[in-house]
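Below you'll find the structure, written out as structure tokens, and then a few comments.
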Amino acid sequence: MSQVSLLPFSTVIRNLSRSIGLKLVLVSGLALLMMIPAFFVSDLVDERAKRAKDVIAEVSGRTGGEQTFLGPSLAIPYTIAPPYKDATLTRGTYVVFPTTGDADLRVRTEERRRSLFKVPVYQADLKFDAAFDLTGVPAAAPAGASLDWTHAMIVVGASDIRGALADGTLAVNGKTITFVPAENIGDEAQRLPLNYFGVKVSDVAQPNAVFKVTANLRFSGAQRLAILAYAKSTHVTIEGDWRSPGFDGGFLPVKRTVSSQGFTGEWSVPFIARGIPAEGVSSWVTALDRTAMGISLIEVADPYQSVNRSLKYALLFVALLFLSYFVFEVTSGKRVHAAQYILVGVAHMIFYLLLLSLAERIGFDWGFLVAGGATVLLLSANAKWIFASLAQGLRALFVFSLLYFFIYLLLRLEDNALLVGAVASFLAVAAVMYFTRRIDWYSSIAGGGRDASAIAGEN
């Protein structure tokens, strides 16, 4: 009966640890393990982003915040007699919008700083022209309503009157009158979140009258500015010096220009597109919210958004880093310990911390250059130390420079990032398949490197 000789258990474990195939499985597991610190880094980014939002909200609140404006509209109080003796008198406001409206805004911006955070604020000079034709008014009054023309007012509205930098004025019938606070239009449940101020115009606002008014306002605000389509047909022009505006709201501009000196946007909203009656009870005013024409002061390089986007690709890039070291290992014959792979992964995680801290101070592009350059140099030097080869260090410098440039490219491509990332990952795996095509995955990594070097030479 033949005897089967068994290798010592320690020898079996040593051979398994030297197996190329099992080493690749181990490296893959370590790449997944590095997602744990990535989650902690992501939480830190979210915390910093929340702090930035809190600072922005605080500074914005002191300058008026996001402002929305309503141009000149005619507000006429009305009453409805009680239908029976003990019933109460019904009161309301009848609103007549201008036939045509032309708004012209000039916006000057600056960045307020609080610690590391920057908040875009603005000062806006607003001019509203409005032409009223009261022929046939009221055409949509409630049954039995009696309009009080003696208390008719031209009203304008703003989101936050704390942003007023000067008293607003109204030019009507050859006179210039200062606005005073006015009652809110509509009941509490049917009201735009605006503060109203107005001027009595009972001398010109009479049945079948035709007249024009011009309102001038100066307000401060932060981050966003919007104009509601306050006339049957509304034309709005906004000019500012912010270099990266966002055009938003219910209508987009028909013309826009954006340059390094600023922007210009022009809107035109005809009556049919506005979708709101030319006159009616005050509840109609709430529907104006969907007609806003807005400008947002966008920060092109938001460091928190950019770092968060880079963290979404963290597993991909850690895997490519480890795969690069693994290829260096099997082609050089020099064994790399699992602890050294972990150190490489930790270096990449620290890259995100460096990127975040630097981007808050010097901007994302320069922050990425410094953090990425330092990390590439460290990883390349580490490869030289591990493999005791200057050539391997230079090879690592080339490969890791491409890898971190690839990270930056993905963050800047935005819409095409997924496509480019998928194609580049496919090509990377294809390259690894090619360069390792002659490797016997069941064999052990050579201690002295001669067999592996021969394999690299055949490649």
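The values are calculated or read from the model by the stated rules, or taken from the named source; none is laboratory data. Nothing here was measured: the structure is a model prediction, and the numbers come from that model. We place every Cβ from the backbone using ideal geometry, glycine too, and count neighbours over all the protein chains shown. To get the accessible areas, we keep the full protein, side chains included, count just its heavy atoms, and leave off ligands, DNA and RNA. Shrake-Rupley method; radii C 1.70, N 1.55, O 1.52, S 1.80 Å.
Filter the stretch 359-386 down to residues that are among the aliphatic types (A, V, I, L, M) and buried (at least 21 other Cβ atoms within 10 Å of the Cβ) and give me whichever is farthest from Lys334 (Cα to Cα).
Taking the stretch 359-386 as the starting set, the residues that turn out to be among the aliphatic types (A, V, I, L, M) are 359, 362, 369-371, 374, 376-379, 381, 383, 386.
In the following step, the residues that additionally are buried (at least 21 other Cβ atoms within 10 Å of the Cβ) were identified as 359, 371, 376, 379, 383, 386.
Details: Ala359: 38, Ala371: 29, Val376: 21, Leu379: 17, Ala383: 11, Ile386: 8 Å.
Among them, the one singled out is Ala359.
For the stretch 108-123, does any single residue satisfy the condition of being among the charged types (D, E, K, R), in a strand (DSSP E or B) and within 25 Å of Val172 (Cα to Cα)? Full working, then the answer.
First pass over the stretch 108-123, keeping only residues among the charged types (D, E, K, R): 108, 110-114, 118.
Next cut, in a strand (DSSP E or B) only: 108, 110-114, 118.
If we keep only those that are within 25 Å of Val172 (Cα to Cα) too, we end up with none.
No, the stretch 108-123 contains no residue that is among the charged types (D, E, K, R), in a strand (DSSP E or B) and within 25 Å of Val172 (Cα to Cα).
Pairs needed: first member in the stretch 207-231, in contact (Cβ under 8 Å) with a residue 12 or more places away in the chain and on the phi < 0 side of the Ramachandran plot; second member anywhere, surrounded by fewer than 22 Cβ atoms within 10 Å (Cβ to Cβ) and of a type in the set (Lys, Arg); C-beta distance under 9 Å; at least 6 residues apart or different chains.
Thr214/Lys127; Ala215/Lys127; Asn216/Lys127; Leu217/Lys127; Ser220/Arg162; Ala222/Arg62; Ala222/Arg112
Take Val336 and decide whether it is within 28 Å of Val420 (Cα to Cα), open to solvent by less than 30 Å² (accessible area, probe 1.4 Å) and β-branched (Val, Ile, Thr).
Details: within 28 Å of Val420 (Cα to Cα): no; open to solvent by less than 30 Å² (accessible area, probe 1.4 Å): yes; β-branched (Val, Ile, Thr): yes.
Criteria not met by Val336.
State the number of residues belonging to the stretch 239-266 that are in contact (Cβ under 8 Å) with a residue 40 or more places away in the chain, out of contact with any Gly (no Cβ under 8 Å at 6 or more places or on another chain) and crowded, with 17+ Cβ neighbours inside 10 Å.
Number of matching residues: 2.
Please determine, by comparing only the residues of the stretch 59-82 that are more than 37 Å from the chain's Cα centre (by Cα) and touching a residue at least 60 places away in the same chain (Cβ under 8 Å), which one is farthest from Phe117 (Cα to Cα). First the steps, then the outcome.
Looking only at the stretch 59-82, we keep the residues that are more than 37 Å from the chain's Cα centre (by Cα), and these are 74-82.
Applying the additional criterion that residues be touching a residue at least 60 places away in the same chain (Cβ under 8 Å) yields 74-81.
Numbers: Leu74: 43, Ala75: 43, Ile76: 46, Pro77: 47, Tyr78: 50, Thr79: 52, Ile80: 55, Ala81: 58 Å.
That would be Ala81.
Among the numbered criteria (1) open to solvent by 80 Å² or more (accessible area, probe 1.4 Å); (2) at pLDDT 90 or above; (3) in contact with a helix residue (DSSP H, G or I) (Cβ under 8 Å, 6 or more places away or on another chain); (4) of a type outside the set (Phe, Trp, Tyr), which one does Ala205 miss?
Result: Ala205 passes all but (1).
Name the residues in the stretch 220-258 that are assigned to a loop (DSSP other than H, G, I, E, B), touching a strand residue (DSSP E or B) at 6+ places or on another chain (Cβ under 6 Å) and over 14 Å from Asp125 (Cα atoms), would you?
Answer for the stretch 220-258, where residues must be assigned to a loop (DSSP other than H, G, I, E, B), touching a strand residue (DSSP E or B) at 6+ places or on another chain (Cβ under 6 Å) and over 14 Å from Asp125 (Cα atoms): Gln223, Leu228, Ala229, Tyr230, Ala231, Trp242, Phe251, Pro253, Val254.
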